[in-house]
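Comments concern the structure below.
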């Protein structure tokens, strides 16, 4: 390589390996009796205890195995660094709770090795270092993309639904199924708002029986959902995949350095192309309760205000306008200035003189976290985590407490 | 050479002693597994106690069960905007497969079925540690509770999956059975329970199902099926037992002091727990929180989510309507402005009562449910109580029997049974026939009977099932439910989660109209 002077270093790398993941609770395979764990007050005495068995065991439980292979290179070209990697991770024996029908009567679902899943991805990092007498800085950019696909799922119904919450529409919000990314959003599609009684009547006339299109109380101002299977009736079979919480790509840019006595750092971070299920909007716009409505409801449909996407205000949501649908799916892309700081350091010689050799160093600075966020997401914060760390509820914003924007003014003093 | 021989023998030893899988299947030393439990009387009894505990929990009798029944009846109206959406949807007949209230009742009853099945299987064979007397009784209780669960499920949802043993694997779910098959299981369970269960219990065991509770549930099942003859047989067994009578004070039927009185056949037990209410999924845990939230949900001071409908309020006999006497049960069933509560220390005023008003006898007035309301003795903020829910009482037996006699053409017997209920010491309504309720023929007697059941059993979770069976057997002159659509509202929708997760149930198996 010595002969190619432009390249100061080049490393090619490739690896393949297998890891196990055993996030299995202790003795999870056993069907345990909850002995003397509930009370029933026969004769009004609260000392009568009861024992129950409410969760199946699974003697076939084993590790989740992930086979990873990757290929990449690290290249330095003088002031430039480039690092790139392609990888594939295939997980077999995926550990998930098997969803059970209510009628089986178990209170919780057993963990099982239900399927396999594949992640393929690409990572790229570019760096540049600038050196001069007064101005030194470095710039690092990163770019990640990942594609997820469930390859197989061996639950009784070959699907796992998740995210059901009575305060957020009452239906599940995600579905995991072979051929789709894990926990994709799953629900109905909005087909506009019924503008007149004639439109409702025309919809009700569809289909081959006298059943209404949605239900008997559908009225002008209610949402019309899409009849995907064309049977003239909206039911569970008209649900479809509505997008994924996984971004198309994510990126970051870190720029930091010094100019004379100034120092600075700024870190941009962003994701692109992911979807968020905006549960805050279900609460704020759904008019399900007498409280917590957002100002969106001022734009609710009325015979005079027809050019809106907010349905009519009606007690009890008879048309189930708040059911899981793309009405609440939003683009979760954002670009955020995660960190920014700027500081100035006073020269030490003059300080020592002024302070009689007590203080050797003074740095004043301003820094901020989450200073600016560029996003179309209408909820509090586009960085949505999974509530209760549920593996299948990522990207559902159940009203997560938003991250704070901080601005910090500070002084660093160094004493002799 | 010695070294090699030594290493070789170690390796051979290693091969022969290589671990077998069973060594790795460590059993939790702190837990009790299913196959090592249910070995003695106490453990089997604890098993059935847990079935009662589930019946009692928030998803069933302490909350969602009475809501589901009442919201589908014509007894209630919305208390106001505070009524949550899934409840309002049931009240207006626009509930769907995502309705959290009816879904929790569906889920709750199936968890009862599961827990009962565990006990029935554990007690199926004789075991050295378990006495035959306990085994017989406990299995009888479990079969009674399974029957109750399936009676409710079949009547509310129609033909549901039928499990006579608990699922041993995740693949165990079943397709829908026919409604008749579910009722058949109910009947065979209740016949077995009737034989197995004692007629009475000691004070410490009050609340366990008795022989007569099984007979009454069997009678109710026969009435759903329109089988008046068999219903009559069961009801007569209860009457001829001589164990029950009407109590004098109508208030004792829904207050705390009157629990387990001579009129009571089966109660779901709640006990004072210092105001603690168990909101948890299955009502489990060993913290003492055995109260019910009924007062807070319905009563005058509290959330007041549901109030009595104008229809029921105006159904009571009144001198202003030309009746000989105003029915005293009206005052004993509802809170009205000016009523004294909190042992007489507080007075009901409109500013204490949130939400909608009713129109009674032409007057607009704020009226609220009083049955099961603990306000009569407290006024303390959040109202939970230890008042038992009276699931079955003797007045209902007499009225059902009156209905059977009327169907059999025995008018005199029917009228006399109804008049027994009206003659209660604190009620003393003039006997039928009256001016407004003549009893000259079968239809007129049925009309009087339907009125009598409406007012006597108001807000005791019998009206919904009465309407369902009367409608089915063409005993209604007018449809009582304003939103009723035939071939839809007879049944509730199966939960969408059941359709999504049960490989043997598809969308096309959903109940009609949903």
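Points worth noting:
- The angle separating the long axis of helix B:41-56 from the principal Cα axis of greatest extent in chain B is about 50 degrees.
- The GNM of chain A, with springs linking C-alpha atoms under 10 angstrom apart, assigns the highest mean-square fluctuation among A:69, A:51, A:97 to A:51.
- According to the calculation over all Cα-Cα pairs in region B:195-252, the P(r) per 5 Å bin from zero is 4, 18, 21, 21, 21, 11, 4, 1 %.
- Helix-only mean residue ellipticity at 222 nm for chain A, each DSSP H run of n ≥ 4 adding -39500 (n - 2.57), per residue, nearest 500: -1500 deg cm²/dmol
- The angle between the Cα long axis of helix B:132-157 and the main principal axis of chain B comes to about 60°, on a 0 to 90 degree scale.
- Within the listed set A:14, A:35, A:197, the residue fluctuating most in the Gaussian network model of chain A (springs between alpha-carbon atoms under 10 angstrom) is A:35.
- Using C-alpha pairs under 8 Å with a sequence gap of at least 6, the mean separation divided by the residue count of region B:33-94 gives a relative contact order of 20 percent.
- When you count the other C-beta atoms within 10 angstrom of each residue and take the mean per peptide, B:178-186, A:350-358 line up highest first as B:178-186, A:350-358.
- Approximate spin-label separation residue A:87-residue A:219, in nm, with each point projected 7 Å along Cα-to-Cβ: 5.6 nm
- Ascending count of other beta-carbon atoms within 10 Å, so fewest first, for B:466, B:331, A:238: B:331, A:238, B:466
- Computed from the Cβ-Cβ distance with R0 of 45 Å, the FRET efficiency linking residue B:279 to residue B:440 stands at 0.30.
- When the alpha carbon gyration tensor of region B:188-331 is reduced to an equivalent ellipsoid, the three semi-axes, largest first, read 29, 27, 16 Å.
- Residue order, fewest to most surrounding Cβ atoms within 10 angstrom, among B:51, B:61: B:61, B:51
- CD proxy at 222 nm, helix term only [per DSSP H run n ≥ 4: -39500 (n - 2.57); per residue of chain B; nearest 500]: -13000 deg cm²/dmol
- Projected over all directions and averaged, the alpha-carbon convex hull of the protein assembly as shown occupies 57.2 nm².
- For chain A: relative contact order, % (alpha-carbon pairs under 8 angstrom, 6 or more apart): 11 percent
- Rel. contact order, % - alpha carbon contacts under 8 angstrom, at least six apart, chain B: 18 percent
- Counting only Cα atoms, the size of region B:320-401 along its three principal axes is 42, 36, 23 Å, in decreasing order.
- Quick note on region B:452-507: its Rg to Rh ratio, both from C-alpha atoms and Rh being the Kirkwood radius, is 1.12.
- Distance from region B:334-384 to region A:111-145 (C-alpha centre basis), Å: 66 Å
- For region B:80-117 versus region A:5-54, the gap between their alpha-carbon centres in whole angstrom: 30 Å
- At R0 = 60 Å, FRET efficiency that the Cβ-Cβ distance of residue A:123 and residue B:410 yields, to 0.05: 0.10
- With the convex hull of its Cα atoms as the shape, region A:1-159 has an orientation-averaged projected area of 17.7 nm².
- Span from the region B:177-222 Cα centroid across to the region A:311-364 one, whole angstrom: 64 Å
- Hull volume per residue, based on the alpha-carbon atoms of region B:359-514 and their convex hull, is 207 Å³.
- Take the Cα of residue A:139, step 7 Å toward its Cβ, do the same at residue B:359, and the gap between the two points is 7.6 nm.
- R0 of 56 Å, Cβ-Cβ distance residue B:349-residue A:73: FRET efficiency to nearest 0.05: 0.10
- Degrees separating the helix B:394-407 axis from the principal Cα axis of chain B, which is the longest one: 70 degrees
- Compactness index (Cα Rg / 2.2 N^0.38 Å), chain B: 1.11
- Highest-fluctuation residue, A:347, A:62, A:138 considered, GNM on chain A with Cα pairs under 10 Å: A:347
Here, each number is a calculation from the coordinates, and none is a lab measurement. This structure is a prediction, so every number in the text was calculated from the model and none was measured. Here Cβ is always computed from backbone atoms with ideal geometry, including for glycine, and neighbour counts include all displayed protein chains.
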